[in-house]
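J.: Here's a structure for you.
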Amino acid sequence: MTPTVKEFFDEPTNTYSYVVSDPATGKCAIVDSVLEYAANSGRTGLDGANAIVSHIRREGYEVEWILETHVHADHLSAAPYLKEQVGGKLAIGEQITIVQNTFGKLFNAGPEFKCDGSQFDVLLKEDQQFSIGAIQAKALHTPGHTPACMTFVIGDAGFVGDTLFMPDYGTARCDFPGGNAATLYESIQKIFALPDDTRLFMCHDYGAEGREGYLFETTVGAQKSHNIHIHEGISKEAFVEMRHARDAQLDLPKLILPSVQVNMRAGHMPPAEDNGTRYLKIPIDTV
């Protein structure tokens, strides 16, 4: 029950994507892929996605799943391209419908945009079991950063999305629509209930003061002992107070507006207009 994990880092967005494979069967999953996006030109790029495709083909893997831990606000998903290239069922947590309703209204997406999660192949429920080859996996609903956040526990490895960062960096912000610091605290307790030697893989690392380079892997035990925001002994009240104060000082992610309106569509761009061009919307004086 120990999957092989290969990381891929997109430095412009500080995002880690993963290919998680069962060494016995060669079956695998892709977690939190990235489509490059240049905000100054509206151009997209596939370098990161193609690196994942090349790795899968080189290793001879068969893709069973393309997993999204949540609707990311800091990068665009490459899931549709990856599905076209290497297959796999695209899955996200079932609370995606809450996010779609919220942001569908913000972007005035219109009747063509369905807020029922139907853009995804599978909507995973709390504690839903699935597998990657012979390795058992489970979906944990870990909201607080967003209502739809999931942690995927695959064998002895957990993929936490934005819920946790490396211990020296802390925890996710909770000031997006539907976010809640008290809820995040309870969600992290679910992760802390896993065995201490469970490997945890981060979706982001921004570096931390006093350390060089980027990191992506830690353990439940290390988080419980050393996370600067939520180690053992930190009360819910203290955590919520810290999180509210910290979130009030944060700027919005640079790519939140393009990212959310693409990712709520399972990585698809909005439909082309009558001139054949696709457009992303920028709401003015709203966010």
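The values are calculated or read from the model by the stated rules, or taken from the named source; none is laboratory data. Remember, predicted model here, so these are calculated numbers, not experimental data. Here the Cβ positions follow ideal geometry from the backbone for every residue, glycine too, while neighbour counts run over all protein chains shown.
J.: Considering only the stretch 222-237, how many residues are outside any helix (DSSP H, G or I), under 22 Å from the mean Cα position of the chain (by Cα) and either exposed (fewer than 12 other Cβ atoms within 10 Å of the Cβ) or free of Cβ contacts under 8 Å to residues at least 60 places away in the same chain (or both)?
T.: The total comes to 1.
J.: Of all residues in the stretch 180-198, count the ones that are surrounded by 16 or more Cβ atoms within 10 Å (Cβ to Cβ) and within 16 Å of His244 (Cα to Cα).
T.: Residues flagged as surrounded by 16 or more Cβ atoms within 10 Å (Cβ to Cβ) and within 16 Å of His244 (Cα to Cα) within the stretch 180-198 amount to 5.
J.: Just one of (1) buried (at least 20 other Cβ atoms within 10 Å of the Cβ); (2) farther than 25 Å from Cys174 by Cα; (3) of a type in the set (Ser, Thr, Tyr) trips up Thr69, so point out which.
T.: Only one criterion is unmet by Thr69, namely (2).
J.: Of all the residues that make up the stretch 238-255, how many are part of a helix (DSSP H, G or I) and either of a type in the set (S, T, N, Q) or touching a helix residue (DSSP H, G or I) at 6+ places or on another chain (Cβ under 9 Å) (or both)?
T.: Initially, the stretch 238-255 is screened for residues part of a helix (DSSP H, G or I), giving 238-247.
Now drop any that are not either of a type in the set (S, T, N, Q) or touching a helix residue (DSSP H, G or I) at 6+ places or on another chain (Cβ under 9 Å) (or both), which leaves 239-244, 247.
Of the residues in the stretch 238-255, 7 are part of a helix (DSSP H, G or I) and either of a type in the set (S, T, N, Q) or touching a helix residue (DSSP H, G or I) at 6+ places or on another chain (Cβ under 9 Å) (or both).
J.: Before we move on, is Gly26 modelled with pLDDT of 95 or more and on the phi > 0 side of the Ramachandran plot?
T.: yes
J.: Let me ask something additional. Looking at the stretch 81-98, which of its residues are in contact with a His (Cβ under 8 Å, 6 or more places away or on another chain) and farther than 21 Å from Val63 by Cβ?
T.: Selection gives Gln95 alone.
J.: Do any residues in the stretch 267-285 that are more than 17 Å from Ala39 (Cα to Cα) have Cβ atoms under 6 Å from those of residues that are basic (Lys, Arg) and surrounded by 10 or more Cβ atoms within 10 Å (Cβ to Cβ), where the two are at least six apart or on different chains, and which pairs are they?
T.: Short answer, once both residue conditions are applied: Ala272/Arg278.
J.: Another question, if that's okay. Being touching a Gly at 6+ places or on another chain (Cβ under 6 Å) and either of a type outside the set (Phe, Trp, Tyr) or surrounded by fewer than 16 Cβ atoms within 10 Å (Cβ to Cβ) (or both) is the requirement here; does Asp121 meet it?
T.: So Asp121 does not fit the description; no.
J.: From the list Phe192, Phe165, which residue is within 18 Å of the chain's Cα centre (by Cα) and of a type outside the set (Ser, Thr, Tyr)?
T.: Residue meeting the stated conditions: Phe165.
J.: Which one is nearest to Tyr16 (Cα to Cα), of the residues in the stretch 74-84 that are surrounded by fewer than 22 Cβ atoms within 10 Å (Cβ to Cβ) and either aliphatic (A, V, I, L, M) or touching a strand residue (DSSP E or B) at 6+ places or on another chain (Cβ under 9 Å) (or both)?
T.: Kept after step one, since they are surrounded by fewer than 22 Cβ atoms within 10 Å (Cβ to Cβ), are these residues of the stretch 74-84: 74, 80-81, 83-84.
Subset that is either aliphatic (A, V, I, L, M) or touching a strand residue (DSSP E or B) at 6+ places or on another chain (Cβ under 9 Å) (or both): 74, 80-81, 83.
Numbers: Asp74: 12, Pro80: 18, Tyr81: 18, Lys83: 19 Å.
For the stretch 74-84, the residue satisfying everything is Asp74.
J.: Let me ask something else. Report yes if some residue within the stretch 42-63 is within 22 Å of Met264 (Cα to Cα), aromatic (Phe, Trp, Tyr) and not in a helix (DSSP H, G or I); otherwise report no.
T.: Scanning the stretch 42-63, I find no residue that is within 22 Å of Met264 (Cα to Cα), aromatic (Phe, Trp, Tyr) and not in a helix (DSSP H, G or I), so the answer is no.
J.: Hey, does the stretch 271-287 have a residue that's within 25 Å of Glu7 (Cα to Cα), touching a Pro at 6+ places or on another chain (Cβ under 9 Å) and either not in a loop (DSSP other than H, G, I, E, B) or not hydroxyl-bearing (Ser, Thr, Tyr) (or both)?
T.: No; the residues of the stretch 271-287 include none that is within 25 Å of Glu7 (Cα to Cα), touching a Pro at 6+ places or on another chain (Cβ under 9 Å) and either not in a loop (DSSP other than H, G, I, E, B) or not hydroxyl-bearing (Ser, Thr, Tyr) (or both).
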